[in-house]
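Report on one structure; see the data block that follows.
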Amino acid sequence: MEPPAVVWDPALLGYDLGGEHPFNPVRLQLTIRLATELGVLDDVPLLVPEAASDTELLRVHSAEYLEAVKQAPMAGWDVGHGLGTADNPVFSGMHDSTALVVGSTLLAARKIAEGEARRAVNVAGGLHHAMRDHAAGFCVYNDCAIAISWLLDHGFDRIAYIDTDVHHGDGVQAAFYEDPRVLTVSLHQHPFTLWPGTGYSAETGKGKADGTAVNIPLPPRTHDPGWLRAFHAVVPSLLQEFQPQLLVTQCGVDSHEEDPLADLSLSVDGHRTIYATLRELAERYAGGKWLAIGGGGYQLIRVVPRSWTHLLATVLNRDVEPSTPIPPGWMDMVRQAAPRAELPTVMSDGADTTYRPWGDGDDDPVDIAIRDTRRAVFPLHGLDPDDPRD
């Protein structure tokens, strides 16, 4: 089997929204350092990306918006297009650094399309909120949607996109809302309780694509067992019916209970279980082809490095045991930079991820979301929404 591809270069740290902005690139630096010290990246060539061209960016974004991004650092405060806001501040080199993020996801996609890898991972990607003509939610260009568009022109005509970020994957859904070739699935905190306020179960796609947008809005404080109950109640059945040729997953880790910007209650152990599940589903339904991308995550020290190290390890088939101690070198580096930070000691939160499959007769708090989503989407795929065998 072709070895998995890992895309990384320190230049990706240039996507820096500055100051006290929560989208801090140090989380990437700490992830790569932790994965390196644990041996996850031993003998793995790290692929160096190039910035995406305007032609590739225009797959998803308007020419007017590209020009606005390029001109924003010189244009003053009244930029428009969602730029220059608290969420999306203008910064020097914004176009070039964001185009490099897109190029990194495109490089990972190309390795799969050209048969050089069945799996590829880019933890620096996952800017899933960016829209055709405006920035949103810390995202300037939508690397996820651009990569999917590119893949549709390079040998794939059925792609499943699964978004596990705590926020709705609205930008990717919008890009393919009328395209039946792309199944978009988003599990997120309920839009009544969290930005961007979209991602209701009734959002199912449009026209010939009705049924290819799938949303599972989860109640605040959902823990690992509830999240996994909802996932398994919806996603495998739809993948079996859709038969994708490739799985693209946005793996934001702001669903963790310690994340400061949201209110789900997952653990690092839950994230590790999700990644193992995605790997298994890619093998079962997508010929093993899996493109994994990063995303949100704002507990920069305790959560993101551990969870995304587990992601890298899962893609590489080098699974890290939860009981594995955090390497002393990583601990020392973080202590020097943040002497008051509370550091994790092992690659686990000690959480129990055992879940009860849906249809057991109990009424779990997430079952409203499960029933609403199944009833909205399953009949459009010929599935019985009330039969747990489907």
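The values are calculated or read from the model by the stated rules, or taken from the named source; none is laboratory data. Source: prediction; values computed, not measured. Positions of Cβ are backbone-derived with ideal geometry, glycine not excepted, and every protein chain shown enters the neighbour counts. Only protein heavy atoms, including side chains, enter the accessible area calculation; ligands, DNA and RNA are left aside. Shrake-Rupley method; radii C 1.70, N 1.55, O 1.52, S 1.80 Å.
What the table shows:
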read-out: Relative contact order (percent, whole number), region 38-195, Cα cutoff 8 Å, 6+ residue spacing; value: 21 percent
read-out: Of Gln173, Gln243, Gln299, the one that fluctuates the most in a GNM where the chain has Cα springs shorter than 10 Å; value: Gln243
read-out: Region 271-390: C-alpha gyration tensor shape, a/c 1.5 cut-off, then a/b vs b/c; value: prolate
read-out: Total charge dipole magnitude, region 182-279, about the Cα centre, Cβ charges on Lys, Arg, Asp, Glu only, Debye to nearest 20; value: 340 debye
read-out: Highest average packing first - 33-46, 185-198, 137-150, 215-228, Cβ atoms within 10 Å; value: 137-150, 215-228, 185-198, 33-46
read-out: Sulfur and carbon atoms: percent of accessible area, region 346-390 [1.4 Å]; value: 47 percent
read-out: Gyration tensor (alpha-carbon) shape descriptor, region 1-153, a/c threshold 1.5; value: oblate
read-out: Extension gain, Val48 back to Thr345 (0.36 nm per residue minus Cα-Cα distance, nm); value: 103.8 nm
read-out: Inverse mean reciprocal Cα-Cα distance (Kirkwood Rh) of the chain, Å; value: 20.8 Å
read-out: The chain - share of DSSP beta bridges that are antiparallel (%, nearest 5); value: 10 percent
read-out: Cβ crowding within 10 Å averaged over residues, with 353-359, 374-380 ranked highest first; value: 374-380, 353-359
read-out: Backbone HN-Hα couplings from phi across region 27-34 [Karplus 6.51/-1.76/1.60, Hz, Gly and Pro as x]; value: 4, 6, 4, 5, 5, 5, 5, 5
read-out: Percent carbon-and-sulfur accessible area, region 259-340, ignoring ligands, DNA and RNA, probe 1.4 Å; value: 49 percent
read-out: Within the accessible area of region 97-197 (1.4 Å probe), percent carbon and sulfur; value: 47 percent
read-out: Amide H contacts of Val248 (H built 1.01 Å from N, under 5 Å, at least 5 apart or other chain); value: Ala160, Tyr161, Ile162, Leu291
read-out: Antiparallel bridge percentage (DSSP; both residues within region 78-226; nearest 5); value: 15 percent
read-out: Extent along principal axes [Cα atoms of region 147-256; Å; largest to smallest]; value: 40, 24, 22
read-out: Under Karplus coefficients 6.51, -1.76 and 1.60, residue-wise ³J(HN,Hα) of region 139-150 in Hz, glycine/proline x; value: 10, 9, 10, 8, 5, 4, 5, 5, 5, 5, 4, 5
read-out: Most fluctuating residue given options Asp362, Asp165, Asp16, as computed from a GNM of the chain linking Cα atoms under 10 Å; value: Asp362
read-out: Value of relative contact order over region 258-390, rounded to a whole percent, pairs C-alpha under 8 Å and six or more apart; value: 24 percent
read-out: Projected label distance in nm at Thr193 and Glu116, using a 7 Å step from Cα toward the beta-carbon; value: 4.4 nm
read-out: Sorted largest first, extent of region 52-135 alpha carbons per principal axis (Å); value: 45, 22, 19
read-out: Scattering profile of region 94-219 at q = 0.10, 0.15 Å⁻¹ [log10 I(q)/I(0), Debye over alpha-carbon scatterers]; value: -0.30, -0.68
read-out: Label-to-label distance, nm, for residues given as Asp153 and Thr55 (7 Å Cα→Cβ offset); value: 0.7 nm
read-out: Relative contact order of region 55-136, defined on C-alpha pairs under 8 angstrom at six or more residues apart (%); value: 35 percent
read-out: Mean-position separation - Cα centroids, region 175-189 and region 216-244, in angstrom; value: 14 Å
read-out: By average C-beta atoms within 10 angstrom, highest first, the peptides 83-93, 283-293; value: 283-293, 83-93
read-out: Gap separating the Cα centres of region 92-129 and region 19-37, nearest whole Å; value: 17 Å
read-out: Solvent-accessible heavy-atom area per residue, rounded to whole Å², over the chain at 1.4 Å; value: 38 Å²
